[in-house]
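Only the coordinates and a few stated rules stand behind these numbers; no lab work does. Not measured: the values here are computed from a predicted model. FYI the Cβ positions are ideal-geometry reconstructions off the backbone, even for glycines, and counts take in every protein chain you see.
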Amino acid sequence: MNRTGNVIICPDKFKGGLSSDKVASAIKAGLERCLPDSDIQTVEMADGGDGSAALFRKLCASREISLSSIGPLGEEVETSYMLCDGPSALSSGPAAFIECARICGLEMVPKGLRNPLKTTTFGLGQLVVDAVRRGAETICVGLGGSATNDCGTGMLQGMGFRLGLPSGVKATGGTLSLIASVEEMEDVAMKERLSRTKFIIINDVDNPLLGPLGATYVYSGQKGADRQAMDRMENDMTGLLGRIGNSFLSKATAKDDALCPGAGAAGGLGFAFLHFLGAESVSGFDFFGEKLQGLSQKIAEADIVITGEGSVDAQSLMGKVVGGCCSSLAKCIDASDKHLWLICGKSCLDPKDVASRCGTSNVKIFQLSDIEPDINIRIKNEYPLLVRLAYGAAKELDTTL
């Protein structure tokens, strides 16, 4: 083994298990037992869901802003977001990061009460306004983990947009048909400040707003919707698009923005940010890897690139951390000389399929399921099992890189 090899470890979190930094730490611990002289770096990643705000705080030296806001069921909750006074790797001025999961997240709703006809993104709009008032010039929003399917109308209402709903009624997935139109806010000063604010949504899905691959039919079931509710919300969203004007920050029509990849993220929040606020949409890999940590350069300098997540499948190669690593590796001049390892709980991918994406045939997939088939036992023992798996992977290395 070439003891001077450079290794970069950049996994996603293992959903339901370890965070990205813990996964990377375990893999590094296993490698160091076998490769003590190698230069091993870890890069913590996030996808816009749980843990994204905490990682932003770490990378951008931010402070946490705590406040009361409206939760997904319309109740008042204590929440927070991150504010970086600037400058940072992201912006020369103040920047905020809001994690949807903290204000309208699925985990905030008891299982028996999950119903996207009744959940709202209203509180997210309140957080956006608070961040603007505190001077944020760039607002980043992680869209993962929402409990909602209101097409972002709750957020718009919370920001001050006029929907024509009865006084006191919060916009939800069940009120879409009651919205006659979406009118700009009466607060002229806030409207002007919003027009100068840069919005970035961190989003690892490419679903459009409507259709069989859209927000409602793909994601609302896991948020508590039955087929009848899905059909209702799909029909109501379709009707709402025809009642939305084009005088917002996007230059496209509402129907055109609804077709954009990622418009269906977080129950249509992606669409609302794109159309009404002119947001830029980026993947978790591009935001946390590229914008904040220069990950492509680190991959270019590495001999071994290690990534993965709890369950690796075809979706992992489409916009997620694993796919981002593959794409970045493929752009390297010496890609064919590099090694790519996927370390995961379980995989249904063929290494040849991964190789076709990353420009090297030196692809190996290592699964925790090979050493512990029982998923419940695996999750309880992920850290030591990952250490063991990484050690075994290093032992298998060829003598040349």
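How large is the Kirkwood hydrodynamic radius of region 52-282, in angstrom, based on all distinct alpha carbon pairs? Value: 17.1 Å, from the Cα pair sum.
Taking 0.36 nm per residue of separation and subtracting the Cα-Cα distance, what length does fully extending Thr253 through Lys331 add?
24.6 nm
For region 256-267, putting each phi into the Karplus relation 6.51 cos²θ - 1.76 cosθ + 1.60 with θ = phi - 60° gives couplings of 5, 5, 5, 8, 4, x, x, 4, x, 5, 6, x Hz, in residue order, rounded to whole numbers and with x for Gly and Pro.
Protection proxy ranking, highest mean first, for peptides 25-32, 95-102, 290-297: 95-102, 25-32, 290-297, where packing is the per-residue count of other beta-carbon atoms within 10 Å, averaged. Modelled spin labels at Ile375 and Asp353, positioned 7 Å past Cα toward Cβ, are 1.8 nm from each other.
For the chain, compute Rg over Rh where Rg is the Cα radius of gyration and Rh is the Kirkwood radius from the inverse mean 1/r over Cα pairs.
1.00
A straight chain from Ala61 to Ser177 at 0.36 nm per residue would run longer than the Cα-Cα distance by 37.5 nm.
Contact order for region 52-282, expressed relative to its length and based on alpha carbon pairs under 8 Å spaced 6+ residues apart, stands at 19 percent. Here Asn235 and Glu78 are evaluated by their C-beta separation; at R0 = 45 Å the FRET efficiency comes out at 0.80. Taking one quarter of the surface of the C-alpha convex hull of region 1-91 gives a mean projected area of 8.2 nm². Can you tell me the convex hull volume per residue for region 250-401, based on C-alpha atoms, in Å³ to the nearest whole number? Value for region 250-401: 144 Å³ per residue. For Val182, Val132, the sequence from fewest to most other C-beta atoms within 10 Å is Val132, Val182.
A viscosity of 0.692 mPa s and a temperature of 37 °C, combined with the Kirkwood radius over C-alpha pairs in the Stokes-Einstein formula, give region 29-141 a diffusion coefficient of 209 µm²/s.
Region 199-237 and region 345-401 have Cα centres lying 33 Å from one another. Taking a threshold of 23 Å on the Cα-Cα distance, which of the pairs Lys13/Lys291; Lys191/Lys320; Lys118/Lys320; Lys58/Lys298; Lys13/Lys298 fall above it? Violating the 23 Å limit, Cα to Cα: Lys191/Lys320; Lys118/Lys320. Cysteines in the chain lacking any other cysteine Cβ under 4.7 Å from their own Cβ: Cys10, Cys34, Cys100, Cys104, Cys140, Cys151, Cys260, Cys325, Cys332, Cys344, Cys348.
Rg and Dmax of region 12-51, both derived from C-alpha coordinates alone, stand at 11.6, 35 Å.
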